[in-house]
Amino acid sequence: MRSRIMTLNGATHLILLLVGIAFIGPFLWMILTSLKSLEEISSLPVTILPDVFKWDNYTQVFDVIPFGRYFWNTLIITVLSVAGQLISAPMVTYSITKIEWFGAKWIFPIVIGTMLLPYQVTMIPVYLIFQKLHLTGGYWPLIIPTFTAAPLYIFLLRQFFMQLPNSLIHAAKIDGASEFRTYWNIVLPLSRPALTSVGIFTFLYTWSDFLGPLLYINNSSKYTLTLGLQAFLAEHYTEWGLLMAASLMFTLPIVVIFFFAQKQFIEGISLTGIKG
Amino acid sequence: MKKNLTGLAFASPWIVGFLVFTLYPLGASFYYGLTDFNVFQSPKFVGLDNYSELMRDDLFWKSVRNTLYLTVISTPVNLIFSLLMALLLNRRIRGLSWYRTVYYIPTIIPLAATSLLWMWIMNAQYGLLNAMLGRLGLPQPNWLADPALTKASLVLMGLWGVGNIIIIFLASLQEVPRSLYESASIDGAGAFRSFLNITLPTISPIILFQLIMQVINNLQYFTQAYFIVSSTNLNAGTSGGPENSMLMYAMYLYHNAFQYFKMGKASAMAWILFVIAGAITWLIFRSSKRWVSYGGGD
């Protein structure tokens with residue numbers, strides 16, 4: 001019996017390890033490729049470690065695309081989007097979880113419904129609205145909608161807000177605090193972990209978004225990093241060392257955030273998935 | 001009354017967003033779908049012409065088939081693989097947080113970078129995948145250029161990004177009360193029986209939710225295919241990859257709207273997608289009454 005359990009555990013570890021290698025391997029391959037020269041990449045047999053570590057692939061990225069500018073553009077959109085969701089999503093969630101009013105009951109089912117709505121269904125009329133407002137070509141069409149609380153974040157925050165004891169809110173009200181004061185001074189500070197998750201996910205989503213910028217931004221000086229990478233790919237298809245270096249530099253901010261806030265990532269993910 | 005006003009004030013960002021960015025566009029795209037509309041001139045009512053044009057459009061059907069194929073293969077593959085990994089991780093093993101981190105990392109890498117990376121790994125001549133297959137003496141297919149293999153390659157790519165589903169499943173497995181298993185094992189139930197009778201029913205609401213989100217996301221599949229197709233070396237003059245085998249529904253819709261400026265036709269496609277997504281979700285929900293259990297261990 002004991003030895004059977006041992007082999008079972010051994011098998012579990014073996015599978016977990018092999019899958020782990022399959023998951024981390026491609027990422028390592030990205031790093032290794034980013035350090036290889038074009039000659040090495042386009043010769044056979046395929047080498048694992050670079051013959052010569054070509055660190056200047058990273059500096060060369062700045063020569064072939066205006067990486068700094070794209071980085072800055074992406075950062076502006078991302079920071080404003082994070083602000084948008086962090087301002088709007090908790091407000092709306094508060095209204096449907098902690099205020100007794102007629103909308104509290106029917107907003108959430110609609111939120112769930114819109115969560116299931118494919119982006120493409122509303123894409124064209126929304127584009128035409130922004131075109132009418134002469135805002136296409138700039139960042140506002142990407143930023144303004146984030147101030148209207150994305151369904152996923154309402155969903156995530158609702159899980160968290162429902163766990164906050166109502167007695168706290170009643171106590172504040174008895175002390176004469178207004179609804180806004182209660183929200184601002186009590187509910188928001190208590191929700192910091194959930195708000196961090198919303199901030200992180202918005203950052204991740206906006207930083208990585210491709211379709212949004214593809215629709216609205218056409219002037220290459222305003223490109224985000226995803227658009228820049230795509231344009232670079234279309235023109236320099238074979239320069240995989242540079243492409244991998246650029247991809248890594250693009251991914252780096254997210255990896256940094258991940259290692260600082262791993263707990264919030266994991267908890268946030270669980271919050272969005274638990275309970276149908 | 002005052003409560004209603006405060007509630008309304010707090011909910012106003014969402015209400016405005018819902019009206020302007022969801023409800024109005026939903027109606028407007030239905031109307032545009034019935035018009036001939038190229039952005040430069042105002043829409044002209046043509047009835048169901050766009051829909052009958054789509055029915056006769058081979059590329060439309062190609063994109064429908066490609067997208068359904070991907071959805072039907074990728075969804076169960078991703079869910080079953082994630083569940084298996086979560087079950088293994090849930091065996092109170094050592095190094096859990098390490099494994100969890102390793103599985104999760106690919107999901108935070110932007111799809112743009114993921115697509116580039118896998119294009120390189122699946123490169124027929126210099127790619128890592130074929131180098132490994134060659135070492136093992138196996139055939140080295142042209143993953144992204146052989147129309148018979150392109151979608152399978154996309155499924156494989158997708159499998160790399162299931163870390164968040166693994167974590168969600170793991171979190172829900174950890175919430176299954178241990179006492180349920182203990183009483184089952186006293187009743188003489190083996191590991192497989194308790195999986196069928198306890199684990200699956202308890203986490204079924206989460207599986208349902210992930211199933212629906214996977215289907216909806218796959219129906220919108222865009223970025224990866226768009227990236228692969230935009231490396232012009234791979235596609236000989238088509239915009240949907242080799243023999244249009246990677247022409248996804250969302251891509252064809254995008255082409256119609258923003259490259260050919262056929263906003264009417266694209267809007268008709270948007271509404272067809274709306275109906276298909278709605279119908280599939282409804283069917284899953286309806287069937288779920290039979291396999292999802294609420295209450296009990298929840």
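Read-outs: derived from the displayed coordinates by stated rules, not from any lab. Treat the numbers as computed from the prediction; the structure is a model and nothing was measured. Counting neighbours? That spans all protein chains shown, and the Cβs are built from the backbone with ideal geometry, glycine included.
Please give the average number of partner chain Cβ atoms lying within 10 Å of the Cβ of each residue in B:219-230, rounded to a whole number.
3
Provide A:ILE200, B:ILE168 in ascending order of the number of other Cβ atoms located within 10 Å of each residue's Cβ, fewest first.
A:ILE200, B:ILE168
Considering the convex hull of the alpha carbon atoms of chain B, report its projected area averaged over all viewing directions, in nm², one decimal.
Result: a mean projected hull area of 22.8 nm².
Would you mind ranking A:TYR237, A:TYR205 so that the residue whose beta carbon has the fewest other beta carbons within 10 Å leads the list?
With the sparsest Cβ surroundings first, the list reads A:TYR237, A:TYR205.
If one computes the Cα centroid of segment A:49-66 and of segment A:6-25, what distance in Å separates the two points?
A separation of 34 Å, based on Cα centres.
May I ask you to sort B:MET248, A:MET162 by Cβ crowding, counting other Cβ atoms within 10 Å and putting the fewest first?
Exposure proxy ranking, most exposed first: A:MET162, B:MET248.
Do any trypsin sites (Lys or Arg not before Pro) in segment B:50-119 lie in a loop, going by DSSP, with at most 15 other beta-carbon atoms within 10 Å of their beta carbon, and if so which?
Hits after loop and neighbour filter: B:ARG56, B:ARG91, B:ARG92, B:ARG94.
Given H placed on each backbone N at 1.01 Å, which residues far from B:ASP36 in sequence or on other chains put an amide H within less than 5 Å of it?
The answer is B:LYS44, B:PHE45, B:VAL46.
Take segment B:1-115, drop everything but the C-alpha atoms, weight them equally and run the Debye formula without solvent; then report log10 I(q)/I(0) at 0.09, 0.17, 0.24 Å⁻¹ to two decimals.
Each listed q maps to, in turn, -0.63, -1.01, -1.27.
Which value at 222 nm does chain B reach when only helices count, each DSSP H run of 4 or more adding -39,500 (n - 2.57), with the total divided by all residues and rounded to the nearest 500 deg cm²/dmol?
-20500 deg cm²/dmol
Under the definition of partner shielding as Cβ atoms of other protein chains within 10 Å of a residue Cβ, what is the mean value for peptide B:264-275?
The per-residue average across the peptide is 3.
Mind listing which GluC sites (Glu not before Pro) in segment A:34-131 are in a DSSP loop and have 11 or fewer other Cβ atoms within 10 Å?
Listed in order of number, the matching sites are A:GLU100.
Residues with beta-carbon under 12 Å from that of B:THR35, excluding B:THR35: net charge, scoring Lys, Arg +1 and Asp, Glu -1?
Taking every Cβ under 12 Å from that of B:THR35, the sum is +1.
For B:SER97 and B:MET132, what is the calculated FRET efficiency with R₀ set at 30 Å and r taken between the beta-carbons, to the nearest 0.05?
Step by step, r from the Cβ atoms, then E = 0.55.
How much length would be gained if the chain were fully extended between B:LYS289 and B:ASN217, taking 0.36 nm per residue of separation minus their Cα-Cα distance, in nm to one decimal?
Extra length available between B:LYS289 and B:ASN217 comes to 23.6 nm.
Counting partner chain Cβ atoms within 10 Å of every residue's Cβ in B:114-125, what's the average?
Across the residues of B:114-125, the mean count of other-chain Cβ atoms within 10 Å is 5.
Under 25 °C and 0.890 mPa s, how fast does the protein assembly as shown diffuse according to Stokes-Einstein, given a Kirkwood radius computed over C-alpha pairs? Answer in µm²/s, whole number.
D = 96 µm²/s.
Beyond 19 Å, how much of the Cα-Cα pair distribution for segment A:2-54 remains, as a whole percent?
For segment A:2-54, the fraction of Cα-Cα distances above 19 Å is 50 percent.
Within segment B:189-204, what residues put their amide N at less than 19 Å from the label point 7 Å along the Cα-to-Cβ vector of A:MET162?
B:202-204
What's the long-distance tail for segment A:130-264, i.e. % of Cα pairs beyond 19 Å?
66 percent
How large is Rg over Rh for segment B:121-277, taking Rg from the Cα atoms and Rh as the Kirkwood inverse mean of 1/r across Cα pairs?
1.13
For chain A, state the average projected area of the convex hull of the C-alpha atoms over all orientations, rounded to one decimal in nm².
One quarter of the hull surface, i.e. the mean projection, equals 22.0 nm².
Just grab the label-to-label distance for A:VAL79 and A:SER42, each label 7 Å out from Cα along the Cβ direction, in nm (one decimal).
Placing both labels 7 Å beyond Cα along the Cβ direction yields 4.0 nm.
Which whole-Hz couplings ³J(HN,Hα) result when phi for each residue of segment A:146-161 is put into the Karplus expression 6.51 cos²θ - 1.76 cosθ + 1.60, θ = phi - 60°, listed in order with x for Gly and Pro?
5, 7, 10, 6, 5, x, 4, 6, 4, 4, 5, 5, 4, 4, 7, 4
Can you give the Kirkwood hydrodynamic radius of segment B:82-168 from its Cα pairs, in Å with one decimal?
14.5 Å
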